[in-house]
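Worksheet for the structure shown next.
The values are calculated or read from the model by the stated rules, or taken from the named source; none is laboratory data. Everything numeric here is computed off the predicted structure, so don't read it as measured data. Here the Cβ positions follow ideal geometry from the backbone for every residue, glycine too, while neighbour counts run over all protein chains shown. What goes into the accessible areas is simple: the full protein's heavy atoms, side chains included, and nothing from ligands, DNA or RNA. Shrake-Rupley method; radii C 1.70, N 1.55, O 1.52, S 1.80 Å.
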Amino acid sequence: MSKVRGLCVLDVDGTLIEEEVIDILGRKANCEQEVSQLTSRAMSGQIDFESSLKRRVSLLKGMSVEVFDQIYKELHLSKNAHEFISILQEHRIAVGIISGGFVPIVEKLANSLGIHLFAANQLEINNGRLTGRLIGQVITREVKEEIFLQWASQLDISLDRTIAVGDGANDLKMLKKAGIGVAFCAKDILKKEMKLHIDERDLVKVLDLIDFL
């Protein structure tokens, strides 16, 4: 295989897909209002992401893991996501997805889109049910940045040939580190900090901002 010429890393919830998976989980666990309020405040940078995520996950205790198959069917990819990813891959730009969401959903999305690089939070499961806890490293804004840099290093890609696309406060460090950081249908905190932003939910519009295609 030809050497990759660049790297594009996408956030998942609110960027690659229209929905916030944690909010759908909250609805199915009958605690939608509390979960969505915490999500909104965390994505706007008003509260700490890690502690708010742990609190939201604790509300899901006892849910069956089968809920992820149901949720996956309810998700909507942002407009032209398939086309965007295909064009990048045709131009030998590797694509990765990174999420403050959860492995059962993110892994399915990655497989369906032909993406090999992905990272998300791992939920603790016991006898087919969620325990309300996370396992391992929590994907905070600092960890997103670390993984983004790690992937670029593994692929031997210089940062000026990297693209990061996200919508929330926990994407900020990753977007600032990338050669091209794009705030996509983003919260105000991101728009204020990033020069490049796209306010229409159409991923192919990101292609216009990439100067090395």
Subject >> Among beta bridges that DSSP assigns inside the chain, antiparallel share in %, nearest 5 >> reply: 20
Original post:
So what is the orientation-averaged projected area of the chain, using the convex hull of its C-alpha atoms, in nm²?
Top reply: 11.0
Subject >> With every protein chain in place, the range 52-205: carbon and sulfur % of accessible area (1.4 Å) >> reply: 46
Original post:
What area, in nm² and to one decimal, does the C-alpha convex hull of the range 70-179 cast on average over all directions?
Top reply: 7.7
**OP:** Pull up all non-local amide H partners of S78: gap of 5 or more, or a different chain, and H-to-H distance under 5 Å with H placed in the peptide plane.
**Re:** I17, E18
**OP:** Count the net charge of all other residues whose Cβ sits under 10 Å from the Cβ of V4, scoring Lys and Arg as +1 and Asp and Glu as -1.
**Re:** +3
Original post:
Over the range 97-213, what is the mean sequence separation of C-alpha contacts under 8 Å (at least six apart), divided by residue count, expressed as relative contact order in percent?
Top reply: 15
Original post:
Taking 0.36 nm per residue of separation and subtracting the Cα-Cα distance, what length does fully extending S86 through R5 add?
Top reply: 27.7 nm
Subject >> Distance in nm between pseudo-label sites at E193 and L149 (7 Å out along the Cβ direction from Cα) >> reply: 1.5
Original post:
Can you pick out the pairs among K144/K205; K3/K192; K144/K192; K73/K205; K73/K176 whose Cα atoms lie more than 30 Å from each other?
Top reply: K3/K192; K73/K176
Subject >> For the range 117-153 and the range 160-213, distance of Cα centres in Å >> reply: 22
Original post:
In percent, what relative contact order does the range 61-129 have, based on Cα pairs under 8 Å that are 6 or more apart in sequence?
Top reply: 37
**OP:** Go ahead and set up a Gaussian network model of the chain, Cα springs under 10 Å, then flag whichever of L38, L155, L77 fluctuates most.
**Re:** L155
Original post:
Stretched out fully, how many nm does the piece from E18 to H76 gain, at 0.36 nm a residue minus the Cα gap?
Top reply: 20.3 nm
